[in-house]
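What follows is a single structure, written as structure tokens, with notes after it.
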Amino acid sequence: MSSAPDTIVYDYDRQDASGATCTAHAWAKVPAPLTPDVKAEVKARIKAQLKAQNAVLVAHYYVDGDLQDLAMETGGCVSDSLEMARFGRDHAAQTLIVAGVKFMGESAKILSPEKRVLMPDLDATCSLDLGCPADDFIQFCDAHPDRKVVVYANTSAAVKARADWMVTSSCALSIVKHLKDQGEKILWAPDRHLGRYIQRETGADMLMWNGACIVHDEFKGLELDLLKKEHPKALVLVHPESPESVVAQADVVGSTSQLLKAVVESDAPAFIVATDNGILHRMRQMAPNKVLIEAPTAGNSATCKSCAHCPWMAMNGLQGVLDCLTQGVGEIAVPEDIRIKAHGCIDRMLAFVAQHPAAITKPAQGFVPHIGAA
């Protein structure tokens with residue numbers, strides 16, 4: 001345990017399934033590149049199978065651009081995790097193919113229990129999810145029964161089942177402020193950077209779990225300052241999972257959808273982007289005349305100065321989608337008792353957003369269909 005003013009952090013730093021912080025095992029499973037002819041054949045087979053099986057592909061902004069394009073070409077969705085789940089829930093398809101990481105597939109199943117939910121690789125996970133094991137988290141919550149439990153979307157179904165509220169990065173500020181105004185104290189998990197940002201902005205009494213996204217945690221404040229001097233007219237776009245020294249330099253702090261919205265709507269000619277570089281694919285499509293610069297994750301001596309890409313997101317590939325459809329592999333299962341409890345904390349958030357529409361980003365004219373607000 002470590003402490004700071006008005007903050008107690010539960011220090012749980014196991015960030016992957018083997019108990020280490022290295023993600024080499026994830027990188028080793030990145031699908032091999034397909035030749036143009038094979039890629040075209042696989043995409044054609046996927047399109048035929050989606051139609052034949054009444055299935056739809058939903059993809060996260062951080063997965064490979066081919067998957068994002070295929071989702072849009074076939075009437076699917078490219079968005080943030082919650083919008084992926086909501087889109088799947090409201091779509092007539094009875095099979096959802098979720099290209100992302102495991103908690104996203106679980107969220108889709110929580111909202112659509114009657115549908116079959118498949119993922120290209122069930123080992124594709126998230127450091128925030130892995131760094132917040134349900135058993136340890138439940139003990140932490142039980143030790144502080146006077147606090148409302150608020151968890152980020154990047155958590156397992158079992159963790160959500162113990163929570164009072166689930167939030168996304170675009171509505172977390174509004175919901176925590178709402179709870180603070182009601183006199184509530186907060187138990188927050190798992191991302192420490194997002195939690196501290198919310199605490200600073202709202203002044204809420206927050207007890208925090210010590211988790212971090214392995215991608216956003218690597219952005220460097222000093223290097224970002226130097227890069228800003230090279231590009232003085234560029235706006236800095238930062239996801240709040242980033243370190244405080246990075247957030248402090250941002251012109252826009254927000255979810256992936258909010259950052260995408262800023263690129264599309266702003267008159268600025270250039271943007272320094274501090275989030276997973278998978279989003280650059282959609283940004284380039286939606287704002288082709290804008291200059292996009294990756295924020296630094298390392299210094300001048302590093303082999304890769306900007307390496308912001310989730311290794312688990314990179315495990316999603318076209319062949320994995322085809323295998324889902326032809327072999328039925330990668331099915332997501334959530335025990336019904338867990339699903340019902342987790343559904344409650346998601347419903348609470350959705351009801352709040354419906355009652356307070358200004359609390360969340362809205363789609364804007366000119367966006368690709370189904371852009372998310374989560």
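Across every pair of different alpha-carbon atoms, what Kirkwood hydrodynamic radius in Å does the stretch 99-159 reach?
12.8 Å
Figure the gain on full extension for N289 and Q182 (residue separation times 0.36 nm, minus the Cα-Cα span) and round it to one decimal in nm.
Length gained between N289 and Q182: 34.0 nm.
What is the stretch 206-251's relative contact order, in percent, from Cα pairs under 8 angstrom and six or more apart in sequence?
That works out to 43 percent.
Mind jotting down the distance between the C-alpha centroids of the stretch 224-254 and the stretch 255-323, whole Å?
Computed from Cα coordinates, the inter-centre distance equals 14 Å.
Quick check on the chain: of the DSSP beta bridges with both residues there, what percent are antiparallel, nearest 5%?
Roughly 10 percent of the beta bridges in the chain run antiparallel, per DSSP.
Computing the accessible area with a 1.4 Å probe over protein heavy atoms, can you report the carbon and sulfur percentage for the chain? Show your work: numbers first, answer last.
Values: 7690 of 15210 Å².
Taking all protein chains in place, the chain shows 51 percent carbon and sulfur surface.
If the viscosity is 1.306 mPa s and the temperature 10 °C, what Stokes-Einstein diffusion coefficient in µm²/s follows for the chain when Rh is the Kirkwood radius over Cα pairs?
The diffusion coefficient I find is 76 µm²/s.
Once the principal axes of the Cα atoms of the stretch 142-248 are found, what is the range along each, listed largest first in whole angstroms?
Principal extents (largest minus smallest coordinate, Cα): 49, 28, 20 Å.
Which of rounded, prolate or oblate describes the stretch 57-210 when judged by the alpha-carbon gyration tensor and an a/c cut-off of 1.5?
Details: a/c = 2.18, a/b = 1.91, b/c = 1.14.
Because a/c hits 1.5 or more and a/b exceeds b/c, the stretch 57-210 counts as prolate.
Which shape class, rounded, prolate or oblate, goes with the stretch 26-93 when its Cα gyration tensor gives a ≥ b ≥ c as root eigenvalues, a/c under 1.5 marks rounded, and past that a/b bigger than b/c marks prolate? Provide the component values of the computation, followed by the final result.
Numbers: a/c = 2.32, a/b = 1.27, b/c = 1.83.
Oblate shape, in that a/c is at least 1.5 and b/c is the bigger or equal ratio.
Could you pull the Cα extents of the stretch 240-343 along its three principal axes, largest to smallest, in whole Å?
46, 34, 32
The values are calculated or read from the model by the stated rules, or taken from the named source; none is laboratory data. Nothing here was measured: the structure is a model prediction, and the numbers come from that model. For accessibility, only protein heavy atoms count, side chains too; no ligands or nucleic acids. Shrake-Rupley method; radii C 1.70, N 1.55, O 1.52, S 1.80 Å.
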